[in-house]
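The next block holds one structure in the form of structure tokens; read it before the comments.
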């Protein structure tokens, strides 16, 4: 575990804080929003469901997404309670990590029923199922007009997810996906 001591002084009083790597991991969250659904949205959801089927049928045994914090733990999907099997129907996607191994966190839920009410978030704490959350978000951003997501992660956290999606689903991703994953900001440094 990485420990970081922070100290700040205010009115001659010093405040100290001990942050750990665990705190950084626990807050790792993805956010999404569907703006202005159109008459094409329901058909686009069908395209996403076909992507999700390919994703679920091609899961790796382990995940290096989200910085690879859990790369030695198996990628196992369960239902929203972290047990049983994931719920994947034409109406909704509900899954979590494996609760029996402590690899669950917040449940990923996306409903295809009401396109007008589609904003949400999922805190994965960088656990192995994060790869699948990211792949589904990439699919939604790639297929559904007006769908956007953001994340506490940066390009390094998303790189393996995008690679997985391109290998399993399609090599063609739109500019929206690249923007949402931080691909456009991946180069570090100041250009003069």
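I need the Debye-formula profile for the stretch 55-172: one equal scatterer per C-alpha, no solvent, reported as log10 I(q)/I(0) at q = 0.15, 0.17 1/Å, two decimals. With no solvent term, the Cα-only Debye profile gives -0.63, -0.82.
Once the chain from residue 174 to residue 61 is taken as fully extended at 0.36 nm per residue, the excess over their C-alpha distance is 37.9 nm.
Highest mean first, how do 107-115, 128-136, 31-39, 69-77 rank when packing is the count of other Cβ atoms within 10 Å averaged over residues? Before the final figure, lay out the partial values.
Numbers: 107-115: 16.2, 128-136: 27.2, 31-39: 14.1, 69-77: 17.8.
Descending packing order for the listed peptides: 128-136, 69-77, 107-115, 31-39.
Restricting the calculation to Cα atoms, every distinct pair contributes to the Kirkwood radius of the stretch 118-167, found to be 11.4 Å.
Coordinate-derived values only; no laboratory data. Here the structure is a predicted model, which is why all the values come from computation and not from measurement. Note that each Cβ is placed from the backbone with ideal geometry, even for glycine, and that neighbours are counted across all protein chains shown.
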